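Report on the structure given below.
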Amino acid sequence: MAILSVVQYPNKVLMTRASEITEITDVERRLAMDMIETMYAEKGVGLAANQVGVLKQMFVASADQVLGNELVFFNPVIVKKQGLIKEFEGCLSIPELHEPVKRAKRVVLRAMNLKGETVEVKASGLLSRIFQHETDHLNGILFVDRLGPLKSRKAKKRLLARSKAVR
Ligand code: ZN
């Protein structure tokens, strides 16, 4: 296993939609293991493949941070949404930003698991938020895009100014 480097905003790979996976091979299985290790190393609760520079529809998640309880999903789609809840959110690719984001309270995620089976998973609480955040990533959408037009524009401006200052 290996810890991968997490791509930072405003890298274009974060704004690009990832491609569907047709078959799960050793390459995807190894990448999933590396992504899990990276997620824990970075103290995250979820990680999408484009955050490690790979444009494939896959993400890993661990809402409870219990080793061995990680979820790995391919080609995820949110098929049901219920309710609304606004809570603080962050992202390993935008570490300096924490803002409240409005999300569905409960969702149903349809995806392929590591065995290649299509599954539907109901989620609420943190897991529901992770599912929505990571599925967004794979569609090239970041949580900073979900703050409402004015707040979103302001936050992006601030982030861009900071990323230029670092360079
Ligand atoms: Zn993120």
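Per the 1.4 Å probe, what fraction of the accessible area of the chain, in percent, lies on carbon and sulfur atoms? Please report the intermediate quantities before stating the final value.
On the way: 4890 of 9050 Å².
Reported share for carbon and sulfur atoms: 54 percent.
What percent does the relative contact order of the chain come to when contacts are Cα pairs within less than 8 Å and at least six residues apart? All intermediate terms of the calculation are to be shown ahead of the outcome.
Details: 305 pairs, mean separation 39.6, N = 167.
For the chain, the relative contact order is 24 percent.
Assuming R0 = 35 Å, can you tell me the calculated FRET efficiency for the pair Ser124 and Ser19, based on Cβ-Cβ distance, to the nearest 0.05?
Numbers: r = 30 Å, r/R0 = 0.85.
Between Ser124 and Ser19 the formula returns 0.75.
Quick one: net charge around Lys157, please, counting Lys, Arg +1 and Asp, Glu -1 for every other residue with C-beta under 15 Å from its C-beta.
Numbers: positive: Lys151, Arg153, Lys154, Lys156, Arg158, Arg162, Lys164; negative: Glu96, Glu99, Asp145.
Net charge in that neighbourhood comes out at +4.
With each run of n ≥ 4 DSSP H residues scored as -39500 (n - 2.57), what mean residue ellipticity at 222 nm is computed for the chain after dividing by its residue count and rounding to the nearest 500 deg cm²/dmol?
Numbers: 3 runs with 48 residues, N = 167.
Theoretical 222 nm ellipticity from helices: -9500 deg cm²/dmol.
Output needed for segment 114-155: three equivalent-ellipsoid semi-axes, defined as square roots of 5 times the C-alpha gyration tensor eigenvalues, in descending order, whole Å.
Numbers: eigenvalues 149, 31, 7 Å².
Square roots of five times the eigenvalues give 27, 12, 6 Å.
Quick one: among Gln132, Gln57, Gln65, which has the greatest mean-square fluctuation in a GNM of the chain with alpha-carbon springs under 10 angstrom?
Largest GNM mean-square fluctuation: Gln65.
Measure out, as a whole number of angstrom, how far apart the alpha-carbon centroids of segment 1-76 and segment 113-139 sit.
Answer, in whole Å: 12.
Which value, in Å², gives the accessible area per residue of the chain when a 1.4 Å probe is used on the protein heavy atoms? All intermediate terms of the calculation are to be shown ahead of the outcome.
Details: 9050 Å² over 167 residues.
That works out to 54 Å² per residue.
Go through Met112, Met39 and list them by solvent-accessible area, largest first, probe radius 1.4 Å. Working shown, then result.
On the way: Met112 30, Met39 0 Å².
So, going from the largest accessible area down, we get Met112, Met39.
Largest first, please: the extent of the C-alpha atoms of the chain along each principal axis, to the nearest Å.
Result, largest extent first: 43, 38, 29 Å.
With springs only between Cα atoms under 10 Å, which of Leu47, Leu138, Leu126 fluctuates most in a Gaussian network model of the chain?
Of the options given, Leu126 has the highest mean-square fluctuation.
Using 1/(1 + (r/R0)^6) with R0 = 45 angstrom and r between the beta carbons of Arg158 and Lys115, what's the FRET efficiency to the nearest 0.05? Walk me through the numbers before you get to the answer.
Details: r = 43 Å, r/R0 = 0.96.
Efficiency computed from Cβ-Cβ geometry: 0.55.
Pick from Ala41, Ala111, Ala32: which is most flexible by mean-square fluctuation in a GNM of the chain where alpha carbon atoms under 10 Å apart are linked?
Evaluated over the chain, the most mobile residue of the options is Ala41.
Test of understanding: what is the full-extension gain from Val79 to Ile3, defined as 0.36 nm times their sequence separation minus their Cα-Cα distance? Working shown, then result.
Values: separation 76, 0.36 × 76 = 27.36 nm, distance 3.18 nm.
Computed gain between Val79 and Ile3 is 24.2 nm.
A 20 angstrom limit on the alpha carbon distance is what I want to check against. Which of Lys12/Lys164; Lys56/Lys154; Lys43/Lys81 exceed it? List each step's numbers first, then the result.
Working: Lys12/Lys164 15 Å; Lys56/Lys154 30 Å; Lys43/Lys81 27 Å.
Checking Cα-Cα distances, Lys56/Lys154; Lys43/Lys81 exceed 20 Å.
So for the pair Lys102, Asp64, with labels modelled 7 Å out along Cα→Cβ, what separation do we get in nm?
About 3.2 nm separates the two model spin labels.
Bins of 10 Å, beginning at zero and ending with the bin holding the largest distance: percent of Cα pairs per bin for segment 1-82, please.
For segment 1-82, the pair-distance distribution reads 18, 50, 30, 2.
The values are calculated or read from the model by the stated rules, or taken from the named source; none is laboratory data. Quantities reported herein were computed from a predicted structural model and do not represent experimental measurements. Cβ: placed from backbone, ideal geometry, glycine included. Neighbour counts: every protein chain shown. Please note that ligands, DNA and RNA were not included when accessible areas were found on the heavy atoms of the full protein model with its side chains. Shrake-Rupley method; radii C 1.70, N 1.55, O 1.52, S 1.80 Å.
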